[in-house]
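Trainee: Got a structure here, written out as structure tokens. Questions coming.
The values are calculated or read from the model by the stated rules, or taken from the named source; none is laboratory data. Since this is a predicted model, take the numbers as computed values, not measurements. Every residue, glycine as well, gets a Cβ built from its backbone with ideal geometry; the counts of neighbours run over all protein chains shown.
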Amino acid sequence: MTVAHRVKWCANWVNGSTAVGLLVARIGRAHIATGPRGLYLAGGYRLGFPVAGAFTIGNVVVSKDDWDQLHLNDADLITHEEQHSWQYVVCGGLPFLPLYAVALGWSWLRTGDFASRNVFERNAGLVMGGYRERPVRSLGAGLRSMLPRGSAA
């Protein structure tokens, strides 16, 4: 690990996010292994939430898939998820989670997609995370999409 990776590793332990990530992985009955650059790779996650191919809490990258068979060969996905581990450092740990939720909502309002305008996903690299960029829609269109079907606007 480089000095920067060691700093990230320590910061995410101190801010509690890595400990929470390991707890979430254990609750989801994932198998945890050490990964590159101070990451922990938790594969075989069995809970249905969050709905994602992979997600990161602190330095813990969790996937429903087996890292040995699938993602260790996917350097882009690991690089993308590692960027999220840096975001935990910048956000001071677990405050990342509500900030990420707000970014999800903003992206959905602007594009109908949870990633396209999510500042955290854009910073981590949309394509590396397996996302497509969708066009921006007007705020009015986004707000109208929240109305029940058949409602007059």
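Trainee: Taking the criterion of being of a type in the set (D, E, K, R), in the same structural domain as Arg144 (by TED's automatic domain parsing) and crowded, with 19+ Cβ neighbours inside 10 Å, would at least one residue in the range 75-91 satisfy it?
Mentor: No.
Trainee: What are the residues in the range 100-124 that are of a type in the set (A, V, I, L, M) and either modelled with pLDDT of 95 or more or under 21 Å from Tyr88 (Cβ atoms) (or both), if any?
Mentor: Of the residues in the range 100-124, the ones of a type in the set (A, V, I, L, M) are 101-104, 109, 115, 119, 124.
If the condition is that a residue be of a type in the set (A, V, I, L, M) and either modelled with pLDDT of 95 or more or under 21 Å from Tyr88 (Cβ atoms) (or both), then Ala101, Val102, Ala103, Leu104, Ala115, Val119, Ala124 are the ones that fit.
Trainee: Out of Leu47, Leu22, Leu70, which single residue is farther than 21 Å from Glu121 by Cβ and at pLDDT below 95?
Mentor: Checking each option against the conditions leaves just Leu47.
Trainee: Filtering the range 1-60 down to residues that are surrounded by 16 or more Cβ atoms within 10 Å (Cβ to Cβ) and among the polar types (S, T, N, Q), which residue is nearest to His84 (Cα to Cα)?
Mentor: Filtering first and then ranking leaves Thr56.
Trainee: Provide a single number: the residues in the range 2-31 that are over 18 Å from the mean Cα position of the chain (by Cα) and on the phi > 0 side of the Ramachandran plot.
Mentor: Number satisfying all stated conditions: 1.
Yes/no matrix, rows are residues, columns are (1) over 17 Å from the mean Cα position of the chain (by Cα); (2) under 30 Å from Ser145 (Cβ atoms):
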residue	(1), (2)
Thr34	yes, no
Thr56	no, yes
Val60	no, no
Asp68	yes, no
Leu77	no, yes
Gln87	no, yes
Gly92	no, no
